[in-house]
Amino acid sequence: MKRSAISVILFFLGCSSSLPIPTASDLLEHSNNGDVVTVEELKEDRSLYIAKCSGCHGLYLPSQYSGKEWQTILPMMNEKSRLSETEAIRIKRYIFLYSMH
Amino acid sequence: MLRHVNVPILFFAVLMIIPEFAVSNERRFGYAYESSVLPPGAREIEIWNTDRRGRTYFYRRMDQRIEYEFGVSNNLMSAFYLNTTTRTRDSNGENAGGSKSSSTSFAISNEWKYKLMDRVADPFGLALYGEGTMGTDKFEIEAKIIADKQLQNLLIAFDLVGEYESSSDVVNGSEVIAEEYKVKADAGAAFFFSNSFGTGIELRTENIFVGGSLQHSAIFAGPTVSYASEEIWATLTFLPQIYGPKGGTTVSKNLNFDEFEKIQIRLLLSFHF
(Lines give C-alpha, C1' and ligand atoms only; values in the text may rest on other atoms or scores of the structure.)
Protein backbone atom coordinates (compact mmCIF):
# COMPACT_ATOMS: atom_id res chain seq x y z
CA MET A 1 0.00 0.00 0.00
CA LYS A 2 2.81 2.42 0.93
CA ARG A 3 4.61 1.63 -2.33
CA SER A 4 1.45 2.35 -4.33
CA ALA A 5 0.99 5.69 -2.56
CA ILE A 6 4.62 6.65 -3.18
CA SER A 7 4.29 5.66 -6.86
CA VAL A 8 1.23 7.86 -7.22
CA ILE A 9 2.99 10.83 -5.56
CA LEU A 10 6.09 10.38 -7.75
CA PHE A 11 3.87 10.19 -10.83
CA PHE A 12 2.27 13.55 -10.08
CA LEU A 13 5.57 15.19 -9.13
CA GLY A 14 7.17 14.00 -12.37
CA CYS A 15 4.51 15.54 -14.58
CA SER A 16 4.86 18.51 -16.87
CA SER A 17 1.98 20.69 -18.02
CA SER A 18 -0.45 19.03 -20.44
CA LEU A 19 -1.12 22.39 -22.04
CA PRO A 20 1.65 22.81 -24.64
CA ILE A 21 4.28 25.43 -23.91
CA PRO A 22 5.43 26.99 -27.21
CA THR A 23 8.97 26.23 -28.35
CA ALA A 24 11.16 27.25 -31.27
CA SER A 25 9.99 24.25 -33.30
CA ASP A 26 6.36 25.35 -32.87
CA LEU A 27 7.44 28.75 -34.14
CA LEU A 28 8.75 27.15 -37.31
CA GLU A 29 5.44 25.40 -37.89
CA HIS A 30 3.53 28.61 -37.26
CA SER A 31 5.74 30.67 -39.59
CA ASN A 32 4.79 28.25 -42.39
CA ASN A 33 1.34 29.79 -42.16
CA GLY A 34 2.83 33.15 -43.14
CA ASP A 35 2.40 34.78 -39.71
CA VAL A 36 5.56 36.11 -38.05
CA VAL A 37 5.58 35.73 -34.25
CA THR A 38 8.13 35.09 -31.53
CA VAL A 39 8.16 32.25 -29.01
CA GLU A 40 7.60 34.83 -26.28
CA GLU A 41 4.47 36.06 -28.02
CA LEU A 42 3.14 32.52 -28.32
CA LYS A 43 3.85 31.99 -24.61
CA GLU A 44 1.89 35.15 -23.89
CA ASP A 45 -0.95 33.74 -26.03
CA ARG A 46 -0.90 30.65 -23.84
CA SER A 47 -1.03 32.75 -20.67
CA LEU A 48 -3.91 34.72 -22.12
CA TYR A 49 -5.80 31.51 -22.87
CA ILE A 50 -5.31 30.34 -19.27
CA ALA A 51 -6.23 33.70 -17.74
CA LYS A 52 -9.31 34.41 -19.87
CA CYS A 53 -10.80 30.92 -20.26
CA SER A 54 -10.13 29.17 -16.93
CA GLY A 55 -12.18 31.83 -15.15
CA CYS A 56 -15.38 30.37 -16.63
CA HIS A 57 -14.70 26.67 -17.21
CA GLY A 58 -12.10 23.94 -16.93
CA LEU A 59 -9.40 24.37 -19.54
CA TYR A 60 -9.58 22.19 -22.63
CA LEU A 61 -6.51 20.96 -24.40
CA PRO A 62 -6.35 22.44 -27.92
CA SER A 63 -5.91 18.87 -29.21
CA GLN A 64 -9.28 17.81 -27.79
CA TYR A 65 -11.01 19.40 -30.78
CA SER A 66 -10.24 19.75 -34.47
CA GLY A 67 -9.54 23.12 -36.07
CA LYS A 68 -12.97 22.94 -37.67
CA GLU A 69 -14.63 22.38 -34.27
CA TRP A 70 -12.68 25.25 -32.73
CA GLN A 71 -13.92 27.45 -35.58
CA THR A 72 -17.42 26.92 -34.19
CA ILE A 73 -16.53 26.98 -30.48
CA LEU A 74 -14.31 30.06 -30.31
CA PRO A 75 -16.77 32.66 -31.69
CA MET A 76 -19.38 31.47 -29.14
CA MET A 77 -16.84 31.72 -26.31
CA ASN A 78 -15.63 35.14 -27.48
CA GLU A 79 -19.17 36.41 -27.25
CA LYS A 80 -19.71 34.98 -23.77
CA SER A 81 -16.41 36.15 -22.35
CA ARG A 82 -16.39 39.55 -24.07
CA LEU A 83 -12.82 39.27 -25.25
CA SER A 84 -11.31 42.18 -27.11
CA GLU A 85 -10.59 41.58 -30.78
CA THR A 86 -6.85 41.34 -30.08
CA GLU A 87 -7.34 38.87 -27.22
CA ALA A 88 -9.61 36.70 -29.38
CA ILE A 89 -7.06 36.63 -32.20
CA ARG A 90 -4.21 35.73 -29.85
CA ILE A 91 -6.13 32.94 -28.14
CA LYS A 92 -7.19 31.57 -31.51
CA ARG A 93 -3.57 31.66 -32.68
CA TYR A 94 -2.47 29.57 -29.70
CA ILE A 95 -5.39 27.11 -29.95
CA PHE A 96 -4.96 26.50 -33.67
CA LEU A 97 -1.26 25.88 -33.31
CA TYR A 98 -1.99 22.79 -31.21
CA SER A 99 -5.49 21.78 -32.31
CA MET A 100 -6.22 18.31 -33.67
CA HIS A 101 -5.47 18.49 -37.39
CA MET B 1 -30.71 19.54 16.27
CA LEU B 2 -32.35 19.56 12.85
CA ARG B 3 -35.81 19.11 14.32
CA HIS B 4 -35.99 22.85 15.00
CA VAL B 5 -34.91 23.96 11.52
CA ASN B 6 -37.07 23.79 8.41
CA VAL B 7 -34.35 22.31 6.24
CA PRO B 8 -36.05 22.59 2.80
CA ILE B 9 -36.82 26.28 3.36
CA LEU B 10 -33.25 26.91 4.53
CA PHE B 11 -31.90 25.04 1.51
CA PHE B 12 -33.97 26.93 -1.06
CA ALA B 13 -33.30 30.25 0.67
CA VAL B 14 -29.60 29.61 0.09
CA LEU B 15 -30.34 28.77 -3.58
CA MET B 16 -32.07 32.09 -4.10
CA ILE B 17 -29.24 34.31 -2.88
CA ILE B 18 -26.56 32.78 -5.09
CA PRO B 19 -25.86 34.67 -8.35
CA GLU B 20 -26.80 33.04 -11.64
CA PHE B 21 -24.42 31.69 -14.27
CA ALA B 22 -24.18 28.39 -16.15
CA VAL B 23 -21.01 26.33 -16.40
CA SER B 24 -20.60 22.67 -15.50
CA ASN B 25 -18.10 20.99 -13.23
CA GLU B 26 -18.50 17.39 -14.30
CA ARG B 27 -17.12 14.49 -12.31
CA ARG B 28 -15.72 11.52 -14.17
CA PHE B 29 -15.50 9.28 -11.09
CA GLY B 30 -18.10 8.24 -8.56
CA TYR B 31 -15.75 8.29 -5.56
CA ALA B 32 -12.45 9.94 -6.49
CA TYR B 33 -12.61 13.72 -6.51
CA GLU B 34 -11.06 16.00 -9.11
CA SER B 35 -9.33 19.33 -8.55
CA SER B 36 -11.55 21.43 -10.82
CA VAL B 37 -13.89 23.99 -9.26
CA LEU B 38 -16.89 25.94 -10.46
CA PRO B 39 -16.09 29.49 -11.60
CA PRO B 40 -17.52 32.46 -9.67
CA GLY B 41 -21.28 32.69 -10.06
CA ALA B 42 -21.70 29.26 -11.66
CA ARG B 43 -24.06 26.84 -9.93
CA GLU B 44 -25.03 23.23 -10.22
CA ILE B 45 -27.38 20.70 -8.65
CA GLU B 46 -25.98 17.23 -8.02
CA ILE B 47 -28.04 14.20 -7.05
CA TRP B 48 -26.17 11.33 -5.43
CA ASN B 49 -27.51 7.80 -5.03
CA THR B 50 -25.33 5.19 -3.37
CA ASP B 51 -26.64 1.66 -2.99
CA ARG B 52 -24.64 -0.36 -0.46
CA ARG B 53 -25.51 -3.99 0.12
CA GLY B 54 -24.40 -7.29 1.56
CA ARG B 55 -22.59 -7.99 4.82
CA THR B 56 -22.15 -11.09 6.90
CA TYR B 57 -25.74 -10.45 7.86
CA PHE B 58 -28.74 -9.05 5.98
CA TYR B 59 -27.89 -5.45 5.13
CA ARG B 60 -29.18 -2.93 2.60
CA ARG B 61 -28.41 0.76 2.67
CA MET B 62 -29.29 3.65 0.38
CA ASP B 63 -27.49 6.97 0.76
CA GLN B 64 -28.97 9.90 -1.10
CA ARG B 65 -27.69 13.43 -1.34
CA ILE B 66 -28.95 16.54 -3.02
CA GLU B 67 -26.16 19.01 -3.45
CA TYR B 68 -26.19 22.63 -4.45
CA GLU B 69 -22.75 23.73 -5.66
CA PHE B 70 -21.65 27.25 -6.46
CA GLY B 71 -18.47 29.07 -7.40
CA VAL B 72 -17.45 31.64 -4.82
CA SER B 73 -14.37 33.20 -6.39
CA ASN B 74 -11.58 32.17 -8.73
CA ASN B 75 -10.37 28.76 -7.48
CA LEU B 76 -12.85 28.56 -4.58
CA MET B 77 -16.22 26.83 -4.53
CA SER B 78 -18.69 25.69 -1.93
CA ALA B 79 -21.71 23.41 -1.67
CA PHE B 80 -24.59 22.54 0.63
CA TYR B 81 -26.06 19.05 0.87
CA LEU B 82 -29.18 17.43 2.17
CA ASN B 83 -28.41 13.81 3.05
CA THR B 84 -30.67 10.87 3.81
CA THR B 85 -29.60 7.37 4.72
CA THR B 86 -31.98 4.45 4.89
CA ARG B 87 -30.78 1.15 6.33
CA THR B 88 -32.56 -2.16 6.44
CA ARG B 89 -30.81 -4.95 8.32
CA ASP B 90 -31.03 -7.91 10.61
CA SER B 91 -31.82 -6.42 14.00
CA ASN B 92 -29.19 -8.67 15.59
CA GLY B 93 -26.43 -7.52 13.26
CA GLU B 94 -23.48 -9.89 13.24
CA ASN B 95 -25.42 -12.22 15.54
CA ALA B 96 -27.94 -12.95 12.79
CA GLY B 97 -31.33 -14.35 13.69
CA GLY B 98 -33.16 -11.18 14.60
CA SER B 99 -35.97 -9.57 12.71
CA LYS B 100 -35.69 -7.10 9.84
CA SER B 101 -35.33 -3.53 11.07
CA SER B 102 -35.19 -0.26 9.14
CA SER B 103 -34.05 3.21 10.06
CA THR B 104 -33.68 6.52 8.27
CA SER B 105 -31.44 9.40 9.25
CA PHE B 106 -31.01 12.91 7.92
CA ALA B 107 -28.07 15.28 7.80
CA ILE B 108 -26.89 18.51 6.24
CA SER B 109 -23.38 19.13 4.94
CA ASN B 110 -21.30 22.02 3.77
CA GLU B 111 -18.18 21.63 1.65
CA TRP B 112 -15.45 24.00 0.50
CA LYS B 113 -12.89 23.29 -2.21
CA TYR B 114 -9.91 25.45 -3.11
CA LYS B 115 -7.92 24.79 -6.27
CA LEU B 116 -4.21 25.38 -5.88
CA MET B 117 -3.06 24.12 -9.29
CA ASP B 118 -4.85 23.50 -12.59
CA ARG B 119 -4.70 19.99 -14.04
CA VAL B 120 -4.27 21.24 -17.62
CA ALA B 121 -2.21 24.44 -17.26
CA ASP B 122 0.05 23.24 -14.43
CA PRO B 123 2.09 20.03 -14.09
CA PHE B 124 -0.82 18.49 -12.17
CA GLY B 125 -4.05 19.61 -10.55
CA LEU B 126 -4.11 20.10 -6.79
CA ALA B 127 -6.96 21.08 -4.48
CA LEU B 128 -7.78 21.17 -0.79
CA TYR B 129 -11.23 20.11 0.37
CA GLY B 130 -13.11 20.35 3.65
CA GLU B 131 -16.58 19.13 4.57
CA GLY B 132 -18.66 19.21 7.71
CA THR B 133 -21.82 17.15 8.32
CA MET B 134 -24.34 17.43 11.10
CA GLY B 135 -27.27 15.04 11.35
CA THR B 136 -29.84 13.37 13.50
CA ASP B 137 -27.40 10.66 14.53
CA LYS B 138 -23.91 11.84 13.61
CA PHE B 139 -21.37 14.62 13.38
CA GLU B 140 -18.59 14.37 10.83
CA ILE B 141 -15.60 16.40 9.64
CA GLU B 142 -13.69 15.44 6.52
CA ALA B 143 -10.56 16.84 4.86
CA LYS B 144 -9.13 15.85 1.48
CA ILE B 145 -6.07 16.47 -0.59
CA ILE B 146 -6.95 16.04 -4.25
CA ALA B 147 -4.51 15.58 -7.12
CA ASP B 148 -5.29 14.88 -10.75
CA LYS B 149 -3.77 15.01 -14.17
CA GLN B 150 -5.17 15.12 -17.68
CA LEU B 151 -3.07 13.53 -20.42
CA GLN B 152 -4.90 13.94 -23.72
CA ASN B 153 -7.82 11.48 -23.43
CA LEU B 154 -6.72 10.04 -20.10
CA LEU B 155 -7.66 11.50 -16.72
CA ILE B 156 -5.96 10.27 -13.56
CA ALA B 157 -7.16 11.31 -10.10
CA PHE B 158 -6.06 10.58 -6.56
CA ASP B 159 -7.29 11.81 -3.21
CA LEU B 160 -6.35 11.21 0.38
CA VAL B 161 -9.07 11.63 2.98
CA GLY B 162 -9.00 12.06 6.76
CA GLU B 163 -12.31 11.90 8.59
CA TYR B 164 -13.59 12.16 12.15
CA GLU B 165 -17.04 10.78 12.91
CA SER B 166 -19.07 10.82 16.08
CA SER B 167 -22.29 8.84 15.87
CA SER B 168 -24.99 8.05 18.36
CA ASP B 169 -27.19 4.99 18.68
CA VAL B 170 -29.63 3.62 21.22
CA VAL B 171 -28.73 0.37 22.95
CA ASN B 172 -31.13 -1.05 25.55
CA GLY B 173 -32.79 2.34 25.87
CA SER B 174 -29.56 4.26 26.46
CA GLU B 175 -27.70 6.54 24.08
CA VAL B 176 -24.31 5.22 23.06
CA ILE B 177 -21.84 7.53 21.32
CA ALA B 178 -19.12 6.04 19.14
CA GLU B 179 -16.10 7.90 17.80
CA GLU B 180 -14.18 6.81 14.74
CA TYR B 181 -11.28 8.15 12.73
CA LYS B 182 -11.17 7.14 9.09
CA VAL B 183 -8.41 7.32 6.55
CA LYS B 184 -9.46 6.76 2.97
CA ALA B 185 -7.74 6.97 -0.37
CA ASP B 186 -9.34 7.01 -3.80
CA ALA B 187 -7.69 6.62 -7.16
CA GLY B 188 -9.19 6.57 -10.62
CA ALA B 189 -8.20 6.47 -14.25
CA ALA B 190 -10.67 7.31 -17.00
CA PHE B 191 -10.30 7.22 -20.75
CA PHE B 192 -12.47 9.49 -22.92
CA PHE B 193 -13.79 8.02 -26.15
CA SER B 194 -15.11 11.46 -27.01
CA ASN B 195 -15.53 14.74 -25.16
CA SER B 196 -18.81 13.34 -23.77
CA PHE B 197 -18.21 9.66 -22.97
CA GLY B 198 -15.62 8.19 -20.66
CA THR B 199 -14.94 4.90 -18.95
CA GLY B 200 -12.38 3.77 -16.45
CA ILE B 201 -11.62 2.10 -13.15
CA GLU B 202 -11.67 3.26 -9.55
CA LEU B 203 -9.88 2.00 -6.49
CA ARG B 204 -10.81 2.88 -2.92
CA THR B 205 -9.41 1.91 0.44
CA GLU B 206 -11.22 2.60 3.71
CA ASN B 207 -9.53 2.28 7.09
CA ILE B 208 -11.29 2.77 10.42
CA PHE B 209 -9.42 3.58 13.61
CA VAL B 210 -11.03 3.26 17.04
CA GLY B 211 -9.12 4.24 20.16
CA GLY B 212 -5.98 4.86 18.12
CA SER B 213 -5.74 1.42 16.56
CA LEU B 214 -6.80 0.14 13.16
CA GLN B 215 -10.00 -1.89 13.55
CA HIS B 216 -11.28 -2.33 10.02
CA SER B 217 -9.86 -2.05 6.56
CA ALA B 218 -11.08 -2.85 3.07
CA ILE B 219 -10.21 -2.24 -0.55
CA PHE B 220 -12.78 -1.76 -3.28
CA ALA B 221 -12.21 -1.66 -7.03
CA GLY B 222 -14.48 -1.52 -10.03
CA PRO B 223 -15.50 0.10 -13.29
CA THR B 224 -16.91 3.57 -13.84
CA VAL B 225 -18.67 5.14 -16.83
CA SER B 226 -19.47 8.80 -17.35
CA TYR B 227 -21.28 11.11 -19.70
CA ALA B 228 -21.12 14.90 -19.88
CA SER B 229 -22.90 17.43 -22.07
CA GLU B 230 -23.39 21.17 -21.76
CA GLU B 231 -26.52 20.75 -19.64
CA ILE B 232 -26.04 17.57 -17.62
CA TRP B 233 -23.48 15.03 -16.59
CA ALA B 234 -23.77 11.58 -15.05
CA THR B 235 -21.37 9.05 -13.56
CA LEU B 236 -22.03 5.44 -12.60
CA THR B 237 -19.57 3.40 -10.54
CA PHE B 238 -19.67 -0.24 -9.39
CA LEU B 239 -17.34 -0.86 -6.50
CA PRO B 240 -17.20 -4.42 -5.11
CA GLN B 241 -14.98 -5.16 -2.14
CA ILE B 242 -11.93 -7.08 -3.37
CA TYR B 243 -9.87 -7.37 -0.19
CA GLY B 244 -10.41 -6.86 3.53
CA PRO B 245 -7.03 -7.04 5.23
CA LYS B 246 -8.29 -6.07 8.69
CA GLY B 247 -11.38 -6.93 10.68
CA GLY B 248 -12.64 -9.77 8.49
CA THR B 249 -14.48 -12.72 9.95
CA THR B 250 -14.09 -16.45 9.60
CA VAL B 251 -16.95 -16.40 7.09
CA SER B 252 -14.86 -14.51 4.57
CA LYS B 253 -11.25 -14.64 5.62
CA ASN B 254 -9.84 -12.07 3.17
CA LEU B 255 -12.89 -9.84 3.02
CA ASN B 256 -14.39 -7.61 5.69
CA PHE B 257 -18.15 -7.92 5.51
CA ASP B 258 -18.63 -7.01 9.19
CA GLU B 259 -18.02 -3.31 8.67
CA PHE B 260 -18.14 -2.88 4.90
CA GLU B 261 -20.50 -3.97 2.17
CA LYS B 262 -19.93 -6.55 -0.54
CA ILE B 263 -20.69 -3.96 -3.19
CA GLN B 264 -21.36 -0.24 -3.48
CA ILE B 265 -23.01 1.26 -6.56
CA ARG B 266 -23.04 5.03 -6.95
CA LEU B 267 -24.92 7.09 -9.52
CA LEU B 268 -24.24 10.82 -9.72
CA LEU B 269 -26.50 13.07 -11.80
CA SER B 270 -25.98 16.76 -12.22
CA PHE B 271 -27.73 19.67 -13.89
CA HIS B 272 -26.30 23.12 -14.18
CA PHE B 273 -28.16 26.33 -14.64
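Beta carbons closer than 6 Å, at least 6 apart along the sequence or on distinct chains, pair a first residue in region B:143-155 that is more than 7 Å from chain A (Cβ to nearest Cβ) with a second that is surrounded by fewer than 24 Cβ atoms within 10 Å (Cβ to Cβ) and of a type in the set (Val, Ile, Thr) for B:LYS144/B:VAL161. Please go through region B:127-139 and give me each residue that is open to solvent by less than 20 Å² (accessible area, probe 1.4 Å) and away from chain A (no Cβ under 14 Å), ordered by number. Scanning region B:127-139 gives B:TYR129, B:GLU131, B:THR133, B:GLY135.
Annotation: of all residues in region B:71-126 being among the small types (Gly, Ala, Ser) and within 14 Å of chain A (Cβ to nearest Cβ), the one that is surrounded by the fewest Cβ atoms within 10 Å (Cβ to Cβ) is B:SER73. The set of residues from region B:146-166 being touching a Gly at 6+ places or on another chain (Cβ under 9 Å), open to solvent by 30 Å² or more (accessible area, probe 1.4 Å) and at pLDDT 90 or above comprises B:LEU154, B:ILE156, B:PHE158. Can you tell me how many residues in region A:47-101 are open to solvent by less than 70 Å² (accessible area, probe 1.4 Å), touching a Cys at 6+ places or on another chain (Cβ under 8 Å) and within 13 Å of chain B (Cβ to nearest Cβ)? The total comes to 3. Of the residues contained in region B:244-259, none is found to be among the aromatic types (Phe, Trp, Tyr) and modelled with pLDDT of 90 or more. Residues in region A:12-37 that are modelled with pLDDT of 70 or more and surrounded by 11 or more Cβ atoms within 10 Å (Cβ to Cβ): 11 in all.
With respect to B:GLN264, is the statement that it is more than 14 Å from chain A (Cβ to nearest Cβ), in a strand (DSSP E or B) and open to solvent by 30 Å² or more (accessible area, probe 1.4 Å) true? Answer is no for this residue.
The values are calculated or read from the model by the stated rules, or taken from the named source; none is laboratory data. All of these numbers come straight from a predicted model, not from anything done at the bench. So basically every Cβ, Gly included, is an ideal-geometry build from the backbone, and we count neighbours across all protein chains shown. In case anyone asks, the SASA skips ligands and DNA or RNA and just uses the protein heavy atoms, side chains included. Shrake-Rupley method; radii C 1.70, N 1.55, O 1.52, S 1.80 Å.
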